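Colleague: The following block contains the structure, expressed as structure tokens.
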Amino acid sequence: MDLHLNGKRALVTGSTAGIGFATARALAQEGAEVIVNGRSRAGVADAVARLQAVVPDAKVSGVAADLSSATGCEALTATCPDVDVLVNNLGIFDPKPFESIPDLEWFHFFETNVMSGVRLCRHYLPAMKARDWGRIVFISSESGVCPPAEMVHYGMSKAAQISVARGLAETCTGSGVTVNSVLPGPTRTEGVATFFGRLADEQGVSVEQAERDFFAHARPTSLLKRFIEPAEVAALVAYVCSPLASATHGAALRVEGGVVRSMV
């Protein structure tokens, strides 16, 4: 399917690995000019090289900026002042008992997962409205509607993203700009793979057993009973970013493998 993204300029935050990199690759494969973002210059340069290796004809550039602060967001927008597509993918997670989460960590999660997107939207949205075309996607999570006991602060930030996306969509009524959130389920990113490798070592079991235990006890409602691959999430994100998704607006779109036990 041709998603008609040729000539569109897309910024994907936190895109040196995981869902972000898979999304950047999917958009590049559809002909979009892609800006990769990460915190370190080395990481961004490596991601750009990997992307160009798998999509040789892609127009790819990179911007190193830590978007967990206003200063980092300003540095990115100064380097990349205008885009047609903004994918707010940057996010952090850290399983931790609620009682052990200090105030500063709550604020850090909100700054990173929520305010990074808020600040970038505040910059890019006016020009999208002026052109009467644009796409904004927040990569939220099923944890935004099913807050996990092991990461209450993460669930809070993901619920906030869904709310912000819907609120921004309301400001784009009647325009060619759409704002949506995408809710992945447990996904096999590099960070998740590292975490489960460490967890398996601690428990003295195989990684495969640790994953089976996770779906049996922590996410028993999953219909897939496996981790989602980043490319499976990216396929939906790429469509939502395209002109073909013009009637998909203000939605919270689930790609979570049935974890959320709801029909709506």
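The values are calculated or read from the model by the stated rules, or taken from the named source; none is laboratory data. All values reported here derive from a predicted model rather than from experimental measurement. Quick reminder, even Gly has a Cβ in these numbers, built from the backbone with ideal geometry, and neighbours come from all protein chains shown.
Colleague: Do we find that Lys129 is over 23 Å from Ala251 (Cα atoms) and not aliphatic (A, V, I, L, M) in this structure?
Modeller: On the way: over 23 Å from Ala251 (Cα atoms): no; not aliphatic (A, V, I, L, M): yes.
No.
Colleague: I want to confirm something. Restricting to segment 254-264 and keeping residues that are assigned to a loop (DSSP other than H, G, I, E, B) and among the charged types (D, E, K, R), which single residue is farthest from Thr187 (Cα to Cα)? Steps first, please.
Modeller: Step one: of segment 254-264, the residues assigned to a loop (DSSP other than H, G, I, E, B) are 256-264.
Checking which are among the charged types (D, E, K, R) leaves us with 256, 261.
Details: Glu256: 8, Arg261: 18 Å.
Top of the filtered list is Arg261.
Colleague: Which of the helices (runs of 4 or more DSSP H) contained wholly in segment 188-253 include at least 3 residues that are without any contact (Cβ under 8 Å) to a residue 12 or more places away in the chain? Even if it seems obvious, please write down each step before you answer.
Modeller: Numbers: elements: 190-203, 207-213, 230-240.
Answer list for segment 188-253: 190-203, 207-213.
Colleague: Of all residues in segment 76-131, which are over 20 Å from Ser163 (Cα atoms), charged (D, E, K, R) and within 18 Å of the chain's Cα centre (by Cα)?
Modeller: Passing the criteria: Asp84, Asp94.
Colleague: Moving on to the next point. Quick check on segment 1-40: of everything there that is touching a helix residue (DSSP H, G or I) at 6+ places or on another chain (Cβ under 7 Å), among the β-branched types (Val, Ile, Thr) and not in a loop (DSSP other than H, G, I, E, B), which residue is nearest to Ala234 (Cα to Cα)? Walk me through how you get there before you give the answer.
Modeller: From segment 1-40, those touching a helix residue (DSSP H, G or I) at 6+ places or on another chain (Cβ under 7 Å) are 3-5, 10, 12-19, 21-28, 30, 34, 36-38; that's our starting set.
Applying the additional criterion that residues be among the β-branched types (Val, Ile, Thr) yields 12-13, 16, 19, 23, 34, 36.
Pick out the ones that are also not in a loop (DSSP other than H, G, I, E, B) and you get 12, 19, 23, 34, 36.
Working: Val12: 11, Ile19: 6, Thr23: 4, Val34: 14, Val36: 14 Å.
The qualifying residue nearest to Ala234 (Cα to Cα) is Thr23.
Colleague: From the residues in segment 239-264 that are more than 22 Å from Ala159 (Cα to Cα) and not hydroxyl-bearing (Ser, Thr, Tyr), which one is surrounded by the fewest Cβ atoms within 10 Å (Cβ to Cβ)? Step through it out loud before you land on a result.
Modeller: Within segment 239-264, the subset more than 22 Å from Ala159 (Cα to Cα) is 239, 242-247.
The next check asks that each one be not hydroxyl-bearing (Ser, Thr, Tyr); those that pass are 243-245, 247.
Details: Pro243: 13, Leu244: 14, Ala245: 19, Ala247: 7.
Across segment 239-264, the extreme among qualifying residues is Ala247.
Colleague: What residue, of Gly144, Gly134, Gly117, is touching a Lys or Arg at 6+ places or on another chain (Cβ under 7 Å) and under 23 Å from Ala235 (Cβ atoms)?
Modeller: On the way: Gly134 fails: touching a Lys or Arg at 6+ places or on another chain (Cβ under 7 Å); Gly117 fails: touching a Lys or Arg at 6+ places or on another chain (Cβ under 7 Å).
On inspection, the qualifying residue turns out to be Gly144.
Colleague: Right, another one. Filter segment 191-216 for residues that are under 18 Å from Met151 (Cβ atoms) and either surrounded by 11 or more Cβ atoms within 10 Å (Cβ to Cβ) or assigned by TED's automatic domain parsing to the domain that holds Thr23 (or both) and give the result.
Modeller: Correct list: Gly191, Val192, Ala193, Phe195, Phe196, Arg198, Leu199, Ala210, Glu211, Asp213, Phe214, Phe215.
Colleague: May I ask you to list the residues in segment 181-237 that are under 22 Å from the mean Cα position of the chain (by Cα), at pLDDT 95 or above and polar (S, T, N, Q)?
Modeller: Of everything in segment 181-237, those that are under 22 Å from the mean Cα position of the chain (by Cα), at pLDDT 95 or above and polar (S, T, N, Q) turn out to be Ser181, Thr187, Ser222.
Colleague: Say whether the condition of being of a type in the set (A, V, I, L, M), more than 19 Å from Met128 (Cβ to Cβ) and surrounded by fewer than 23 Cβ atoms within 10 Å (Cβ to Cβ) is met by at least one residue in segment 13-36.
Modeller: Scanning segment 13-36 turns up at least one residue that is of a type in the set (A, V, I, L, M), more than 19 Å from Met128 (Cβ to Cβ) and surrounded by fewer than 23 Cβ atoms within 10 Å (Cβ to Cβ).
Colleague: Also, I was wondering about something else. Using the structure shown, decide if Ile92 is farther than 30 Å from Gly176 by Cα, assigned by TED's automatic domain parsing to the domain that holds Pro243 and touching a Ser or Thr at 6+ places or on another chain (Cβ under 8 Å).
Modeller: yes
Colleague: Among the listed residues Ala216, Ala169, Ala210, Ala200, which satisfies the condition of being within 21 Å of Val83 (Cβ to Cβ) and among the small types (Gly, Ala, Ser)?
Modeller: Values: Ala216 fails: within 21 Å of Val83 (Cβ to Cβ); Ala210 fails: within 21 Å of Val83 (Cβ to Cβ); Ala200 fails: within 21 Å of Val83 (Cβ to Cβ).
Residue meeting the stated conditions: Ala169.
Colleague: Kindly indicate which of Gly155, Gly167 is at pLDDT 95 or above, in contact with a Cys (Cβ under 9 Å, 6 or more places away or on another chain) and not in a loop (DSSP other than H, G, I, E, B). Please lay out each step first, then the result.
Modeller: Numbers: Gly167 fails: in contact with a Cys (Cβ under 9 Å, 6 or more places away or on another chain).
Going through Gly155, Gly167 in turn, just one is at pLDDT 95 or above, in contact with a Cys (Cβ under 9 Å, 6 or more places away or on another chain) and not in a loop (DSSP other than H, G, I, E, B): Gly155.
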